[in-house]
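A.B. asks: First the structure, then my questions, so here it is.
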Amino acid sequence: MRKNGLASLIPLYFIVLIDNLSVSLIIPVLIPITYDADIGIMSSGASSTRDVFYGVAIGSYSLAMFLGAPLLGSLSDHFRRKKTLTLCLLGLVLGYALTIWALLRRDVALFVVARVIGGLFSGSLPVAQAAILDVTPKERRVNSIGLIMFCVSTGYVVGPLIGGYLSDSTLVSWFNLVTPFGFVAAITVLNLLVLLVTFREEPAPRPAGRMAFPNPVKHLMRSFTFPGVRLLATALLLMSLGWTAFFQFIGLYLTANEGFGQRAVTNLISVVGIGLAAAFLSLVPLSMKYLKPQVAVTGALAGMTVCIAGTALTGSTAVLYGLCLVGAATYGISYSGLVGMMSAAVDDNHQGSVMGTAGAVAALSAGLSGVVFGAIDGSSSLPIFSAAVFVLLAFLLSAVLKKGSGNAGSREAQPQTADRTPAV
């Protein structure tokens with residue numbers, strides 16, 4: 001094993017950061033892109049048409065990620081990590097470039113194509129994680145995973161700030177809707193150059209035979225056949241549908257119904273990111289240390305249900321921020337606990353499949369919720385209350401899980417969060 005110094009691993013950690021801020025920066029900026037007839041991508045169009053575009057623009061990214069992540073994993077095994085990560089970063093730059101071009105031309109179809117390309121190449125977190133662990137001594141791997149999760153969480157905090165503030169012309173006159181994408185494209189190119197120069201990996205022979213092209217749908221369905229995983233994966237799917245519907249549409253709901261401006265939405269989504277960071281970096285380890293995983297998950301899902309429903313009911317901004325902060329934290333506990341219980345329910349030979357299932361569920365649920373609720377009525381409270389119902393169903397399912405499943409989840413079920421936090 002080649003032991004790389006920390007400096008040579010910095011571009012890998014930045015890949016993790018860029019991957020996750022790419023997911024979250026679109027939330028505040030997509031609202032003016034979709035609904036502002038003066039500066040947005042559509043100069044005309046009914047509200048329902050704009051809702052559909054919003055849903056497709058946000059959902060297509062995650063659906064493409066669902067399809068692309070397994071392929072990137074196969075590429076990394078066949079052509080090694082560095083070449084695959086180089087391809088990921090080039091793909092992200094292409095996606096950002098096409099996004100900028102689409103905004104300048106006000107081309108709706110090109111914007112969606114750019115989102116699809118960005119999603120296909122954004123599933124680089126598992127590859128970057130594997131590359132880091134490949135060259136990290138075993139005694140330092142726990143610290144490495146902690147740094148990975150720090151970058152994941154930071155991406156969810158910084159992304160909305162980049163998207164919201166770098167597109168706000170009231171702050172700087174030349175800021176516009178293109179600026180955030182140009183900024184992230186620039187730092188992606190810079191990171192690519194640093195990666196090419198500094199990162200070295202151990203030479204390895206190419207696997208014999210042709211590269212496998214995995215079928216993500218088939219893999220996901222097969223994962224649900226594991227007896228100890230089936231109910232847990234179903235609960236994870238319901239919870240993920242609820243969370244992604246909430247995360248994707250809370251800003252739009254508040255803009256359309258509560259008079260929130262872009263800066264207010266930006267700050268709110270960043271608060272959500274802070275809640276995620278708090279969960280993954282401290283609350284998850286604490287809850288799993290002092291509570292049985294099933295107890296922690298059930299309690300967190302109950303709290304998450306109340307917080308999501310409450311955001312559409314409260315008229316207080318302070319309460320709204322508090323609900324979003326706590327809701328994000330309880331989501332982090334729920335996600336980590338469910339994935340940890342799934343991991344504990346299977347043997348070592350199936351750990352990769354279970355982790356892949358968790359990532360696939362997150363990406364698929366984000367894609368479906370975006371497209372479906374955008375087509376139905378994205379500006380209303382329907383996505384928010386539907387999100388609360390999905391999480392409530394996950395809570396009820398977790399509460400009635402068989403005792404054997406609960407015991408399986410308690411057998412050294414450490415939180416498995418470094419595979420990928422849910423996409424939006």
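A.B. asks: What residue among 265, 306, 93 shows peak mean-square fluctuation when the chain is described by a Gaussian network model with Cα springs under 10 Å?
C.D. replies: Sorting by GNM fluctuation, first place goes to 306.
A.B. asks: With a bin width of 5 angstrom, please list the P(r) values of the stretch 59-126 as percents of all Cα-Cα pairs, from the 0 bin to the one holding the largest distance.
C.D. replies: The percentages, shortest bin first, are 4, 21, 25, 22, 14, 8, 4, 1.
A.B. asks: Go ahead and run the numbers for FRET between residue 86 and residue 186, Cβ-Cβ distance against an R0 of 22 Å, rounding to 0.05.
C.D. replies: Rounded to the nearest 0.05, the efficiency is 0.80.
A.B. asks: Sticking with this one: In percent, how large is the relative contact order of the chain, given Cα pairs closer than 8 Å and 6 or more residues apart?
C.D. replies: For the chain, the relative contact order is 26 percent.
A.B. asks: Now for a separate question. Along each of the three principal axes of the Cα atoms of the chain, give the extent in whole Å, ordering the values from largest to smallest.
C.D. replies: Computed over the Cα atoms, the extents are 55, 51, 35 Å.
A.B. asks: Hey, in the GNM for the chain with a 10 angstrom Cα cutoff, which one of 241, 382, 17 fluctuates hardest?
C.D. replies: 382
A.B. asks: 222 nm [θ] for the chain, helices only, -39500 (n - 2.57) per DSSP H run of 4+, per residue, to 500?
C.D. replies: -25500 deg cm²/dmol
A.B. asks: Among the complete DSSP H segments of the chain, which ones combine at least 15 Å of alpha-carbon extent along their axis with a mean Kyte-Doolittle hydropathy of 1.6 or more?
C.D. replies: Qualifying helices: 6-24, 108-120, 179-198, 382-399.
A.B. asks: Name the residue, out of 38, 168, 347, whose mean-square fluctuation peaks in a Gaussian network model built on the chain with Cα pairs under 10 Å.
C.D. replies: 347
A.B. asks: Using only protein heavy atoms and a 1.4 Å probe, report how much of residue 101 is accessible, in Å² to the nearest 10.
C.D. replies: About 130 Å², ignoring ligands and nucleic acids.
A.B. asks: Tell me, what is the percent relative contact order of the stretch 210-325, built from C-alpha pairs under 8 Å that lie six or more residues apart?
C.D. replies: Rounded, it is 21 percent for the stretch 210-325.
A.B. asks: Give me D for the stretch 238-328 in µm² s⁻¹, whole number, from Stokes-Einstein with Rh from the Kirkwood sum over alpha-carbon pairs, 10 °C and 1.306 mPa s.
C.D. replies: For the chosen part, D equals 115 µm²/s.
The values are calculated or read from the model by the stated rules, or taken from the named source; none is laboratory data. Note that the structure is a prediction, hence the values are computed from the model and not measured. Neighbour counts are summed over all protein chains in view; Cβ atoms, including those assigned to glycine, are modelled from backbone coordinates with ideal geometry. Just so you know, the surface numbers come from the protein's heavy atoms only, side chains and all, with ligands and any DNA or RNA stripped out. Shrake-Rupley method; radii C 1.70, N 1.55, O 1.52, S 1.80 Å.
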